[in-house]
Each structure stands twice: as structure tokens, then as C-alpha cells.
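The values are calculated or read from the model by the stated rules, or taken from the named source; none is laboratory data. Just so we're clear, the structure is a prediction, and the values are computed from it rather than from any experiment. Positions of Cβ are generated from backbone atoms using ideal geometry, with glycine treated the same way; all protein chains shown enter the neighbour counts. Keep in mind that these areas ignore ligands, DNA and RNA; they rest on the heavy atoms of the full protein, side chains included. Shrake-Rupley method; radii C 1.70, N 1.55, O 1.52, S 1.80 Å.
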Amino acid sequence: NCPRSGGDQNLFFLDFVSPIKFDNSYFKNLLASKGLLNSDQVLFTKNGESRELVKTYAYNQELFFLQFAKSMIKMGNISPLTGHRGEIRQNCRKINA
């Protein structure tokens, strides 16, 4: 579905089973070798620790929800680097001029 060039605005659901519902189907898709992102599928097949997390989340949606919520709180507490320590890019592919 991705063109050889361009297509930067193309959108695809990460989960084709329940694309508008927040659930653990994404992990179930990885178990079935139907992950959308090759990088995620490789992490599942080549990394034992990641594979165990995928299995855990695929079989236990409540645990996935709990750990996802904790992760979102942690991410919300991250302060972006600004000034001389970093920058928020106007275009994620280019350093601000």
C-alpha cells in the first residue's frame, strides 16, 4: 500500500481487526504474523523479551490497559528539551533553520 516515493500523507490503521477501537488486537495480529509495521513484526520474531510482552498483552487485555495507562503518565511527565539543549522541530525530518 505504500508507494515507492511520496505518499507521506497516506494513513493506515495499525490494527485492521478493530481499527477504531482501543484494545489488544494489535498484539494478537503480531502473534498471527499480521503486523502492519515490519519493525514490530521483527521485534516479535527476533527478540525474546519483546515476544513475551506481545504474548502477555495479546492474552491479557486488562494488563495491557493498566501498563499502557502507567506509560502514558510517565510520557506526560517528560519535558521536551528546549533552548540550547534541544528543539521542537517544525518538520520532524529536518533540523530547524
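Brief remarks on what is shown
- Solvent exposure ordering (accessible area, 1.4 Å, most first) of Phe27, Phe68: Phe68, Phe27
- Lys, Arg +1 and Asp, Glu -1 on Cβ, resulting dipole of the chain about Cα centre, debye, nearest 20: 240 debye
- Angle in degrees between helix 61-76 and the longest Cα principal axis of the chain, rounded to the nearest 10: 10 degrees
- Surface exposure of segment 1-73, expressed per residue as accessible area with a 1.4 Å probe, stands at 76 Å².
- Acute angle (nearest 10 degrees) that the helix 48-59 long axis makes with the longest principal axis of the chain, alpha-carbon atoms: 70 degrees
- CD proxy at 222 nm, helix term only [per DSSP H run n ≥ 4: -39500 (n - 2.57); per residue of the chain; nearest 500]: -13500 deg cm²/dmol
- As a rough guide to protection, the peptides 7-20, 78-91, 49-62 ranked by mean Cβ packing within 10 Å, highest first, stand as 49-62, 7-20, 78-91.
- For segment 9-96, the square roots a ≥ b ≥ c of the C-alpha gyration tensor eigenvalues yield an a/c of 1.5 or more together with a/b exceeding b/c, which makes the shape prolate.
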